[in-house]
Each structure stands twice: as structure tokens, then as C-alpha cells.
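Beneath this line is the structure, given in C-alpha cells, with notes to follow.
Read-outs: derived from the displayed coordinates by stated rules, not from any lab. Since this is a predicted model, take the numbers as computed values, not measurements. Reconstructed Cβ throughout: ideal geometry from the backbone, glycine too, with neighbour counts over all protein chains shown.
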Amino acid sequence: MCTVCGCSEDSEKDHHHHGHHYGQNSAGLHIAGMSQEKIIQVEMDILAKNNSYAANNRAFFLKNGVLTLNLVSSPGSGKTSILEKSLIDLHDKLDLRVIEGDQQTTQDADRINKTGVKAIQVNTGKGCHLDAHMVKHTFDELDIKKNSLLFIENVGNLVCPSAFDLGEYAKVVILSVTEGEDKPLKYPDMFAASDLMILNKIDLLPYVDFNVDKCINYAKKINPKIQILQLSATSGEGMGLWYKWLEAHMNIVKMLQVNSQNNT
Ligand SMILES: Nc1nc2c(ncn2[C@@H]2O[C@H](COP(=O)(O)OP(=O)(O)OP(=O)(O)O)[C@@H](O)[C@H]2O)c(=O)[nH]1
Ligand SMILES: [Mg+2]
């Protein structure tokens, strides 16, 4: 089993790879018959394997000029809602694909497919995050186009997915105003690993005790380079800035693609 987060043997059997947390294991965790040294070694092997798949995924995305974003958050912050709205608004202009990660059910992929955009659901069983090998396995079926936009919705979990590189261009962390402004301080790894923080459900600000300025300061304290967008998937407020961010980063990926072709 995963030595840190306790993801089950089942998911390991299914995927033959799994693990976590940049060697930062485990204080206090005991696994029968395994020394602490052995646990750390197992974790390092798992992460090394994941990083090697992630490097291959990243090379594939770069070669094809695909902007791949890994959406991470706690359960229910609005990942699928933001995607549904974005896909409806953008699918006339862009080639879009979605990988949906959840422990169980195809509900999110079903929601996405209703927008007309192709989505594949990956169920992780008891696993609490996607990994790079699972992502690679979707490529053929997804039929990813050149210069397209691929969203990966990770399993709802504000801890585990931060340690797993999927080969994405960037992680985008979504925090909703119902979760409390202290989350960047309490779950720093996810905010440190993300390039963009989306503060969602701002339509609810009048009804909740949430200090936006404090939240932004906390996020910047953890990650001074993090960019921040405030929006509401429900009302649509702020979605335009998100689309501008996507467009700017699709252009950057195109430039990187051209540079990499010139260098080979
Ligand atoms: N008021 C309000 N509700 C929202 C907003 N975005 C999402 N919701 C609601 O929040 C709930 C959870 O939204 P989802 O999009 O399913 O959240 P998720 O992050 O995909 O959830 P998991 O996949 O389970 O982790 C739903 O009831 C949405 O309607 C928003 O901007 N404002
Ligand atoms: Mg979802």
C-alpha cells in the first residue's frame, strides 16, 4: 500500500505504481515488517517511476503544442462546474479534451460529455490522486489534437495530488469561498505547487465569513509567484479573465513548441 496516504493495495494492483510526497514520509506511520528506511526507499522508487512517465507525457504535450492543466482542489470547490462553463464557452474556438479523476463513478465525465467535449473518466479506486501512468493510458482514446487544450480534473483532495507530476504545463488550484481563507497556510504544498489559484464561488461572498485579502496574502506567502483569479462558475463573473489566462498560456505553449522544434 501507499506508505504515506494509505491508498489501498487495490489501486496499486490496478495500476502497478503509486505513491507520494517527495520523500517526506511518514512520521509516525508504521507498516508491519517494513523499516523506516525501506518505506522511504519504496516512496522514492514510486516517485522516480512517476516522474519518468511524467517526463514522457510532458514531451508528448510539448511536441504537439498541447496546453495541459491539472486542476486540483478539495472535493466540491467547483472544478467540474468551472470546466462545464469553460467548455461551453470555448468549444467553438478550441480543440478541448478532459480527463476526469475520481475514486468512483463516471458522474463528472458524464457532466463534461454533455457539453459536447470528449472526456474520459479514470477511477482511482481507493487511490487519492491521479498519476502520470494513468494519464498516459488515456491518450489514444482521447485522440488529443495538436495545439489543443487538455484539462485534467484531479481527485478532490487538497494534499496528495500536489506530489504527483502528471506532465502538465501547470497545476491550477481551486479554492472556494466556503472553505475558509486559511487553506493556503494549512495545505501549503498544493499552493506551492500551483501556478494559478482560482478563488471560486465569489457569488457567495455576501453570505460567508471569508476575507479575500487575507486569503490572497496567505497564498502569496506560501508561493510569491502564484497568480490569482476570482470568479463564480455559477454567475459567470470573472470567467472572462480565466479565458484570457488560458489564451495567453496557449500562446506560450505554441512558442515553446516552435522553440523545441528548432532545437531538434
Ligand atoms: N454558489 C456557487 N456554487 C457553485 C459554484 N461553483 C460550483 N458550485 C456548486 O458547488 C458544488 C460542487 O461543485 P462541483 O463542480 O461538482 O465541484 P468539484 O470540485 O468538481 O467536486 P469533486 O469532483 O467532487 O471534487 C455544486 O453544487 C455546484 O453547483 C459557484 O461559483 N457558486
Ligand atoms: Mg468534479
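Along the axis of the charge dipole computed for the range 55-262 (Cβ charges of +1 for Lys and Arg, -1 for Asp and Glu, origin at the Cα centre), the listed residues 239, 170, 216 are led at the positive end by 170. Considered as an equivalent ellipsoid built on the Cα gyration tensor, the chain has semi-axes of 28, 24, 18 Å, the largest given first.
Arranged from fewest to most other beta-carbon atoms within 10 Å of their beta carbon, 178, 264 become 264, 178. A Gaussian network model of the chain, with springs between Cα atoms under 10 Å, assigns the largest mean-square fluctuation among 161, 75, 184 to 75. Rounded, prolate or oblate: which fits the range 83-233 when a ≥ b ≥ c are the square roots of the eigenvalues of the alpha-carbon gyration tensor, with rounded for a/c under 1.5 and prolate only if a/b beats b/c? Note, shape of the range 83-233 comes out prolate. Take the cross-link list 146/186; 38/254; 63/221; 136/244; 126/183 and give me the ones stretching past 32 Å between alpha-carbons. Over 32 Å Cα-Cα: 146/186; 38/254; 63/221. Using a Gaussian network model of the chain in which every pair of alpha carbons under 10 angstrom is joined by a spring, one finds that among 165, 89, 189 the greatest mean-square fluctuation is at 89.
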